Structure formats: C-alpha cells, structure tokens
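The values are calculated or read from the model by the stated rules, or taken from the named source; none is laboratory data. Small disclaimer: the values here were computed from a predicted structure and weren't measured. A quick note on method: Cβ atoms are made from the backbone with ideal geometry, for glycine too, and the neighbour counts reach across all protein chains shown. The accessibility values were calculated without ligands, DNA or RNA, using every heavy atom of the protein model including side chains. Shrake-Rupley method; radii C 1.70, N 1.55, O 1.52, S 1.80 Å.
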Amino acid sequence: MIYNFIIYAFLGCVLSGISLALFSPFVTLRKISYMGEALSHIAFAGIALALFFGLNIHITTLLFVVIISLLIGIVSKRFKLDEANAITIFLSVSMSIGIILISLKNNYTFDLASYLFGNVLLIGKADIVQLVILSAVNLFFILFVYKELFYLTYNAEIAGVYRIRVKLVNYLFLILLAVNIVINLKIAGIILVSAQLILPAVIAFNIAKRFTWAIVIGVLVSMISAGIGFLLSWYFNLPTGASIVVFEFCIFVLTLTFKRKHN
Amino acid sequence: MIIFNNVNYNIDGKSILMNIDFTIKDGEFVAIVGPNGAGKSTLIKLLLGLIDDFEGSIEIDGFDHIKWLRQHPIGYLPQKEIFDRHFPATALDIALMGLASKLSFGKRFSRSDIDKAKKSLEVCGAQHLHKSLIGSLSGGEFQRVLLARALLTDSPYIVLDEPEASIDRPGVLGFFEILRTIHATGKTIITISHDLHTLSSYCTFLVCLNKTLHCHSQMDLVDAEVIQKTFGESFHIIEKDY
C-alpha cells in the first residue's frame, strides 16, 4: 500500500524541480546562479525571524528576502559597491542574525539538516497546490515576457538602448525567483534549490542549441532527476534531496561526453 | 539634429569631458576621433543616456535627449558587445532586437517582423548568416548583424563605437561601403574611429576630441595641424592605400 505522504513527497519533488528548472536557463546564462544560494541563505534569517516572533513563516520569509534583495540593489548602486560583495555581506549578516535569533529561542531546536536538504516527508496537499500554482505562474511569466527575458539575458544594457523594457522584467524576474526559492526551500532545502537552478540548464545547453529547446529539455531533466532520485532514495533508504542532486549530476556527466563528441 | 550644450563630465573629481559644445546636423556622416582615453566612448554613452550624472545638456530633435530616447531607440553598435559565446541566439534573433521596441510588452515577433529582419540582414550582406549561432560568427560578420539590428530601429541616427576594431583589414572597407549606402538614404551616421585615413573618404563632419573639443567642422576644412594637436606630438599622418 502506498501512503498519501509518499505520493505527495514524490509529486512535491517533481513539481519543485519543474518550477526551478523553468528559471534555470535564465539564471545560468546571466551568471547569477549564486543568487539561488544567496537568497536561500537570506531566507534562513527570514525563517528565524518568523519563528522568533511567532509570525507566518512563508509571508515573513518572502518579505524579508524581497526587502534584502532590494537593499542589496540600492546599497551597491548608491555606494558603488560591487554587487557580488554586497550580496556576500548581506548573506553572511542574514545567516548570523538567523543563528542569533534561533539561539535566543532556547526551547526551540532547529534541524539544520532539514534546512540544507529539505524534508519531503512533510509535504502536504496544500504544498502540492502551491507548487502547481507556482509552476503555472512561472510558465505563464516566461511565455508572456519571453522576448524581454531573452534580451535581458543576452545583454541588459544593450537591450535597454533598444528600448526593451528590461528594468521592469528584471524586477519581476528577481521577485519571482525569490518567491520560488522561499516556497521550494521548505521542500527541497538549500542544496537542492541551488542544484535545480543550475544543473537543468547546464545539462540542457550541453544538448540543445536553441533557447526554447533548452527550457523544455531542462524541465524534462529536472522532472526525471527528481522522480528517479526520489524512487532511489525511497528504495535504498537514502536522503531524498541528496539522491536527486547526485542522480542529476550523473546526467550532467553523461551529457558532457555527448557535448565533447559533437564539438 | 543633435546639440551638445556645454557638456562636462567628471568621475571622482577627474575631468573626462570638458566644455563639449557642438551641433550635428541631420544627414551628416560624423567621425569622432581622438587618442585613447580622450572620452570618445563616454561622449557616445552620454548621448545614448547610459550615463546621466553629467553637467550641461544634450538635445535630440529639439528635446532633452533622455525624453527623446524614451520614445525612440537609437541604432547603436558598441565597441565590444558583451555576451556569453555560448549564448543560444542566432544572427536573426539579434537582428530582431532592433524591432523589439515597436512591439508592445509581451508581444511576440510576427512572420512579417522576421521577413523584415532577414531583409535588413541582406542589406548588410549577412543574409546567409541568419540561422548561424552568434558565437560562431567572425568579428566582421557579427558587426554586419549588429548593423542590421541598428537599421531595423528605423532611427534617423546610427551610432558606432570603433566598428573597425573587430573587423579584419579587407572587411573594413566593405563595412564602410555599407555605411555609405545607409548614409545615402538620409540617415545621420556618428562613428568613433581611429582609422582617419579610411574615414576621410566617407565622413562629412569631423569631431576631434581629447577631453575637450579641438575642432568640429566639415571634413574638408580640417587641417593636419589640428589633428596633430588633438592626438599629441607623437601623431603622424601616414598615407596608406588599401
């Protein structure tokens, strides 16, 4: 007999993979894959803040991530600070604030492993609905502003000169990226979120030469990795997130040999 | 018409451009020349609205340039367009960028847009490249694609920043011949260049810049002495034939 929580866990992994893989080609080509990791770490402080003050975790974390992202943009522009440095500063400060808040809440024990690799067995029906909506919103966003996203990814400055509305699309993209990370963090954890934002596109670009095909292949790779990784973890009693990442890495190595042959 | 009104630009107290005051009339083929570090690319960036913290004003067709640029794109070829060599875009994708501002937010390119882009690539001698990935193009081929993109904007102004820098010698003349054809249709061409010899047979108006203006007048009125003053003592004019 297959229990509901196992079906939810399986669906959760696959849907989480789809939602993140849709963003993967844009994140990878814009060379902002560090954003996934940075935003996940910043989200940690948001979670700690919500736990400390007894607030809604999702809303607090999301607001916190969006505010800090905007602050990074403002501080780096205003004080002419390198954006990568500004991100690293805010990332470490956020993590530190999170750890201080958790240590102050003496009676609360925080499971760091669950934060790093997520906990798929906690996925419920509401999470599945949330992930379906999130994937649909991502897909709609990409389809609707594909032209703008494509040129933003190609070269934002030149796209601006050619009067393509890249500023607005960039803000929407970053906010939606933050929403994806916050929602997926609970399910997938930092490591899987980071992996699913990079690996699907890197694998897809090893095979596909066109952008649209890369998006389709990336989503398929992510779904297959999540599905098979989950089944392997269930069968061999291994950590789910880690199994998905390792399986996806194996596909990456396979496609590297394909790329070498074709070059 | 483009008017620079007493434009000054400093970075951290260091003067990059001083008292820039000149007018570009419609239909001119303008060459901006000067040594490295003279502020040529900065001048172009000011015109394109990529730098906004300067003193003075720039007018395009009677409007403040930022106001004008909000309504119209300018066909621009940067010195080096930065992109990932593996970016999965074709020459056609890049040319189509020139039409993007004519489409409303979120709207996709139509069949007729694609035909227009192919036609523009043809004008620039790059029609055979439309399916090629940009990473596989030579410097000269890529410049032609960028020129096709600039033309598609229908802007009366085409701005180029050292287009010859990434083209091999034989390709430079071919590229300037295409520019001559485009200029003949009534467009104003503004190009930065180091290649004064080649430019002399194409441009109608010369701007000699070295942080400040040394001259800005019709090409045939500029003498070697002024050019030497712009570039410094070490500059010598050498006659060359291609």
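Simple point charges give the picture: +1 on the Cβ of Lys and Arg, -1 on the Cβ of Asp and Glu, and for chain B a dipole about the Cα centre of about 1000 debye. Taking each DSSP H run with n ≥ 4 as -39500 (n - 2.57) and averaging over every residue of chain B yields -9000 deg cm²/dmol at 222 nm. For a straight C-alpha distance cut-off of 15 angstrom, the aspartates and glutamates reachable from B:LYS67 (same-chain residues fewer than eight places away being disregarded) are B:ASP52, B:GLU59. Heavy-atom accessible surface of the stretch A:119-211, averaged per residue, reaches 37 Å², computed with a 1.4 Å probe.
The phi-based Karplus calculation (6.51 cos²θ - 1.76 cosθ + 1.60; θ = phi - 60°) puts the 3J(HN,Hα) values of the stretch B:185-197 at 7, x, 6, 8, 10, 10, 10, 8, 7, 9, 8, 4, 4 Hz, whole numbers, x for Gly and Pro. Evaluated with a Cβ-only charge set (Lys, Arg +1; Asp, Glu -1), the stretch A:4-262 carries a dipole of roughly 740 debye about its Cα centre, given to the nearest 20.
Karplus-derived 3J(HN,Hα) values for the stretch B:108-118, using 6.51 cos²θ - 1.76 cosθ + 1.60 with θ = phi - 60°, are 8, 5, 8, 4, 5, 4, 5, 5, 4, 5, 5 Hz; glycine and proline are entered as x.
Rounded to the nearest Hz, the phi-derived 3J(HN,Hα) couplings of the stretch A:12-29 under the Karplus curve 6.51 cos²θ - 1.76 cosθ + 1.60 (θ = phi - 60°) are x, 4, 5, 5, 4, x, 4, 4, 6, 5, 4, 8, 3, x, 6, 5, 5, 5, where x marks glycine and proline. The shape of the stretch A:4-262 comes out oblate: with a ≥ b ≥ c from the C-alpha gyration tensor, a/c is at least 1.5 while a/b does not beat b/c. In the structure shown, the pairs A:LYS209/B:LYS45; B:LYS25/B:LYS107; A:LYS259/B:LYS80 are assessed against 31 Å; a Cα-Cα span above that value is assigned to A:LYS209/B:LYS45; B:LYS25/B:LYS107.
The alpha carbon centroids of the stretch B:58-118 and the stretch A:199-223 are separated by 27 Å. If the elastic network links every pair of Cα atoms under 10 Å, which of A:VAL129, A:VAL202, A:VAL179 fluctuates the most in the Gaussian network model of chain A? Highest fluctuation among the options: A:VAL129. Suppose we look only past 24 Å in the calculated P(r) of chain B. What percent of the Cα-Cα pairs does that tail hold? Value for chain B (Cα pairs over 24 Å): 47 percent. For chain A, adding -39500 (n - 2.57) for each run of n ≥ 4 DSSP H residues and dividing by the number of residues yields -29000 deg cm²/dmol at 222 nm. In the stretch B:100-130, the residues whose accessible area drops by at least 50 square angstrom when the other protein chains are added to the isolated chain are B:PHE105, B:GLY106, B:ARG108; the probe is 1.4 Å and only protein heavy atoms count. Within chain B, what whole-number % of the accessible surface is contributed by carbon and sulfur, with the 1.4 Å probe and all protein chains included in the calculation? That fraction is 52 percent. When only the Cβ of Lys, Arg, Asp and Glu is charged (+1, +1, -1, -1), the dipole of the protein assembly as shown relative to its Cα centre reaches about 1700 debye. Interface size, chains A and B: roughly 2800 Å² of accessible area buried, both sides included, 1.4 Å probe, rounded to the nearest 100. Accessible surface computed residue by residue for the stretch B:138-184, with neighbouring protein chains in place and a 1.4 Å probe, gives 33 Å² per residue.
The portion of the accessible surface of chain A made up by carbon and sulfur, rounded to a whole percent, is 72 (1.4 Å probe; DNA, RNA and ligands excluded).
Across the stretch A:4-262, Cα pairs under 8 Å and at least six residues apart give a relative contact order of 33 percent. Positive end of the charge dipole of the stretch B:1-145 (Lys, Arg +1 and Asp, Glu -1 on Cβ, about the Cα centre): tell me which of B:ASN6, B:PHE83, B:ILE58 has its Cα farthest that way. Of the candidates, B:PHE83 comes out farthest on the positive side.
Net charge in the neighbourhood of B:LEU121 (other residues with Cβ under 14 Å of its Cβ; Lys, Arg +1, Asp, Glu -1) is +1.
For the protein assembly as shown, the residue among B:PRO156, A:PHE144, B:PHE22 whose Cα projects farthest onto the positive side of the dipole built from Cβ charges is A:PHE144.
Along the charge dipole of the stretch A:4-262, which of A:MET35, A:ASN206, A:PHE5 sits closest to the positive end, that is, farthest toward it, with unit charges on the beta carbon of Lys, Arg, Asp and Glu (+1, +1, -1, -1)? Farthest towards the positive pole: A:ASN206.
Normalised per residue, the accessible area of the stretch B:1-62 is 42 Å², obtained with a 1.4 Å probe and no contribution from ligands, DNA or RNA.
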